[in-house]
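Just below is one structure, and these are the notes that go with it.
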Amino acid sequence: MYNIIIRKIFVSGKIQGVGFRKYLKSEADKLNISGWARNLDDGRVEVLAKGNENNIESFYIAVMKEASGFKVDSIERHESSLKVTDGFKIRKMRAISNNGEIKKSLLLKYVDELYESPRAAGLRLDLPKVISDIIEEKSQQFYKYRITRENLDKQRGYSANQLNTLVSLAHPRQISHIMLRHIERRKLSVKRALSFHTIMMQESEERRIGSPVLGWQLDEKTKAYNFADSIGLRRPDCNNQTYTFEEIEKPTKPMVLKPVKSTGSRGVAFFYSENDIVLLRDNKKFFSWEEFSEYTKKYVLKHEDNFQGIRDKWMLEELILEDKERKTPGRDLKFFTFYGKVVFILEIVRGEKVRHCFWSRDGKRLADTGQYIDEDWIGEGVSLSKIESVEAASLKIPVPFMRIDMLKSEGDMVLGEFTPRPGQWDRFSEDYDRWLGEEHVKARSRILLDLIQGKKFTEFSELMEGKK
């Protein structure tokens, strides 16, 4: 019979934030070892293990074994007389010292790891958060000693420019309640407190927890077209039916094939004639329906060999051309609309080369949005009357933001789609991110006022009730 022993073990390596403690518990349970494992703030894992000698030796071997996600560099073993309860548990992290030098050295080590090899598989999974937590703690201290009544005093404190710089660059999480009261008294702006980026992320979480985000009702094209009909917004001619790809017959006139749910023109195909078909996003040309069909089934549709493909639900609709003689597709006019107000427009022309141009509501080209910054193409722009028609349509939708995508035809504009979350929303510059965040908040207030004053949003309500 083997003696029961207790050992304290310190493990070093890339072992935090990668499931290492769960692995230890699994091995300990197999070997009938009691104890616990916890992370230390110097990057090591501390383990207390109680079991018979043979099983403890087997546990040492398991600890040293390299597995997917972590790498053990070394272990230290010490005898222990600590009391051990039955079972093996995972404990919370313990700080091994109050010495700030340890945290500083760790920060430098972690930053170096992340900077040099962000793609390395062995990095701990919580590495960015660990780094940001340490920086945030120090940043809070930085602002605590600067955003004070004395420093904000007009006579004795910082100058107006210094104060604006100090406060505008702060992250909201670095500002305490007391600091915010000082900031409010001086009517300063915490610029990063309003963010379109944050709002898009928040709406994603709202949808995940089951909270209704109304704008997504219009993300499905059949619903979007029914709604467009109800508010008198012209949209492409179609029967508003959906099909599987196998059910689609070869078109006999110019048409567009669209997935019911997709983003960024994925899967959209222009059918000019039976020997002239273009897959829009890739600008890939096909010279027969059979060739196009074979490619779509293999590379576009979702199946076991293409799990990132598109769901097999499609619509056929009129192909909108701005020049029928030259077979020029209608250019995209994407209106960034905040309940009755178009903030700016993205104009896109597709062809051998896709070109982009942002416009302000008053017709000025915007070159500093953070998107397509290397492009110098200047499009045609949009008339004020067309902007106002889109603004009127947006007042029928009870959401703060909706990108309303229109297509230019030989006559009036035609609806392309409603987009509740625009592509590349994360690439807007900091100034534009703040601007869009402000417009979102103002639009939300306008909706609330309209609701208080009795506005019904009849067409949208009927859509929600399934009447459209």
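State yes or no: is Gly411 surrounded by fewer than 13 Cβ atoms within 10 Å (Cβ to Cβ) and under 23 Å from Asp229 (Cβ atoms)?
yes
Please work out which residue is modelled with the highest pLDDT, limiting yourself to the stretch 69-101 and to residues that are of a type in the set (Gly, Ala, Ser) and under 20 Å from Gly17 (Cα atoms).
By that ranking, first place goes to Ser74.
So which residues in the stretch 218-232 are open to solvent by less than 30 Å² (accessible area, probe 1.4 Å) and either hydrophobic (A, V, I, L, M, F, W, C) or part of a loop (DSSP other than H, G, I, E, B) (or both)?
Leu218, Ala224, Phe227, Ala228
Conditions tested, residue by residue: (1) touching a helix residue (DSSP H, G or I) at 6+ places or on another chain (Cβ under 8 Å); (2) in contact (Cβ under 8 Å) with a residue 60 or more places away in the chain; (3) more than 18 Å from Arg124 (Cβ to Cβ).
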| site | (1), (2), (3) |
| --- | --- |
| Ile15 | no, yes, no |
| Ala28 | yes, yes, yes |
| Leu31 | yes, no, yes |
| Arg38 | yes, no, no |
| Gly43 | yes, yes, no |
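Could you list, in sequence order, the residues of the stretch 5-32 that are open to solvent by 40 Å² or more (accessible area, probe 1.4 Å), in a strand (DSSP E or B) and modelled with pLDDT of 90 or more?
Arg7
Working only within the stretch 288-310, note down all residues that are part of a strand (DSSP E or B) and open to solvent by less than 50 Å² (accessible area, probe 1.4 Å).
Residues satisfying the conditions are Leu301, Asn306, Ile310.
Exactly one of these conditions fails for Arg181: (1) modelled with pLDDT of 90 or more; (2) assigned to a loop (DSSP other than H, G, I, E, B); (3) open to solvent by 50 Å² or more (accessible area, probe 1.4 Å). Give me its number.
(2)
If you go through the stretch 423-431 one residue at a time, do you hit one that is assigned to a loop (DSSP other than H, G, I, E, B), modelled with pLDDT under 95 and under 15 Å from Asp219 (Cα atoms)?
yes
Quickly run through the stretch 273-287 and pick out the residues that are farther than 20 Å from Ile348 by Cα, open to solvent by 30 Å² or more (accessible area, probe 1.4 Å) and not charged (D, E, K, R).
Ser273, Asn275, Phe287
Could you check the stretch 184-210 and list, in sequence order, the residues that are part of a loop (DSSP other than H, G, I, E, B), open to solvent by 60 Å² or more (accessible area, probe 1.4 Å) and touching a residue at least 24 places away in the same chain (Cβ under 8 Å)?
Arg186
Residue by residue, here is whether (1) of a type in the set (Asp, Glu); (2) touching a strand residue (DSSP E or B) at 6+ places or on another chain (Cβ under 9 Å) holds:
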{"residue": "Met201", "(1), (2)": "no, no"}
{"residue": "Trp216", "(1), (2)": "no, no"}
{"residue": "Asp219", "(1), (2)": "yes, yes"}
{"residue": "Ala228", "(1), (2)": "no, yes"}
{"residue": "Pro254", "(1), (2)": "no, yes"}
{"residue": "Phe270", "(1), (2)": "no, yes"}
{"residue": "Glu274", "(1), (2)": "yes, no"}
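The values are calculated or read from the model by the stated rules, or taken from the named source; none is laboratory data. Model, not experiment: these values are computed from the prediction. Every residue, glycine as well, gets a Cβ built from its backbone with ideal geometry; the counts of neighbours run over all protein chains shown. Just so you know, the surface numbers come from the protein's heavy atoms only, side chains and all, with ligands and any DNA or RNA stripped out. Shrake-Rupley method; radii C 1.70, N 1.55, O 1.52, S 1.80 Å.
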